[in-house]
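Report on one structure; see the data block that follows.
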Amino acid sequence: MKNKTAWLLVLLLTALSLAGCAAKTAEKTQNSAGEPNKLFTLKVPTQTGFNETDIADELGYFREEGIEIKYTGVVKPGTDIQTVASGDNDVFISGHPNNVAQARLAGVKVLAVAPGMVDNPDFPHVRYLVKEDSPIKSLNDIVGKKVSITSYTVCSDGYLKLYLKQNNLTQNVEWVLLPTAGQQEQSLKQGLIDVTTSHPPYAGVALSEGGVRQIATSYDIVKTPAAGLSVRGFSEQFIKEHPDVVRGFCRAMAKARVWINAHQKEAIEIIAKRLNLPAEKVNQSVFWYDEHKAIEPSYIETWFKISQDIGLWKEGDIKPTDIYTNEFAPQ
């Protein structure tokens, strides 16, 4: 009888142990939405430039967090946040602090949750290009000239307006809106514009092909990493409904930012493949990414000062802390 009782006790303990192991396994395979063995589909705009989202996806960082990226198509520059507000996308991944502030001022409830790239003297956010035989030698010479931009934002016309103001130069510049990726550089070579505001990787492509030269960068104007700060974020409603997805997204993006800075050659190859561009033409212009796990408050404050200096809104209309949260930053 004693042997039978002991045997039953062994079986019971074994069953409890197996149940515990099964529970732990189920816990490990839950995705960021808390659903076992199922990936959460995150709707993301298709990217046309150098970006960390494609790289995080390629490296499997999102899948590690239980997230599957669904690319929804290319959107016009500067409209990422509108597509989040409309529900066409879940996340904006190409906005800057001023875009978030202006959206919130218009009543759109979005928040930045993660940083993206920052400016760097060796890997500038924006390169100002002219034709090789252009008489333009510096940014002092852009007055009265045709300057291309992808959209009206701080990193397109804003930096140059700031430069003109700082140097007591007239704001007489003809801004030419060219929103399609690569369109600025092609228009420059055709003589349709005088100066570009080129971003990676297309600045590098143009420089590698020849016939153009660089006269300055965004770092020359603002002289701080903050000048390049981009932010990634969601609607307040999405954050409320899917906090674990937001947290997983932030972890994946943080890993990608560090990886890109340490593995630029491999990162270039991934982006070149995704954009169908020759890798040797991309390598002259890549972004440098913020390795802070959270959004740096001083960088946001820099963007607010620039935005107010060029008249995007008045001081006091909105506070820097209104546009972002570091609640979901990796620990």
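The values are calculated or read from the model by the stated rules, or taken from the named source; none is laboratory data. This one's a predicted model, so the numbers in the text were calculated from it and none came from an experiment. Methodologically, a virtual Cβ is constructed for each residue, glycine included, from the backbone with ideal geometry; neighbour enumeration extends over all protein chains shown. In case anyone asks, the SASA skips ligands and DNA or RNA and just uses the protein heavy atoms, side chains included. Shrake-Rupley method; radii C 1.70, N 1.55, O 1.52, S 1.80 Å.
So here's what we get for this one:
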| read-out | value |
| --- | --- |
| Estimated dipole of region 149-269 in Debye, rounded to 20 [Cβ of Lys and Arg +1, of Asp and Glu -1, Cα centre] | 400 debye |
| The chain: projected area of the alpha-carbon convex hull, averaged over directions, in nm² | 20.2 nm² |
| With all protein chains modelled, accessible area of residue 247 [1.4 Å, Å²] | 80 Å² |
| Separation in nanometres of the label points that stand 7 Å from Cα toward Cβ, at residue 63 and residue 237 | 3.2 nm |
| Rounded to 5, percent antiparallel among DSSP beta bridges of the chain | 65 percent |
| Loop sites in region 271-331: GluC sites (Glu not before Pro), DSSP, at most 14 other Cβ within 10 Å | 291, 315, 327 |
| Cβ-placed point charges (K, R +1; D, E -1), dipole of region 187-239 about Cα centre in debye, nearest 20 | 80 debye |
| Length released on extending from residue 141 to residue 264, taking residue separation times 0.36 nm less the Cα-Cα span | 40.9 nm |
| Fraction of accessible area attributable to carbon and sulfur, the chain (%, probe 1.4 Å) | 52 percent |
| Average accessible area per residue (Å²) across the chain - probe 1.4 Å, nucleic acids and ligands excluded | 47 Å² |
| Distance in nm between pseudo-label sites at residue 313 and residue 41 (7 Å out along the Cβ direction from Cα) | 3.4 nm |
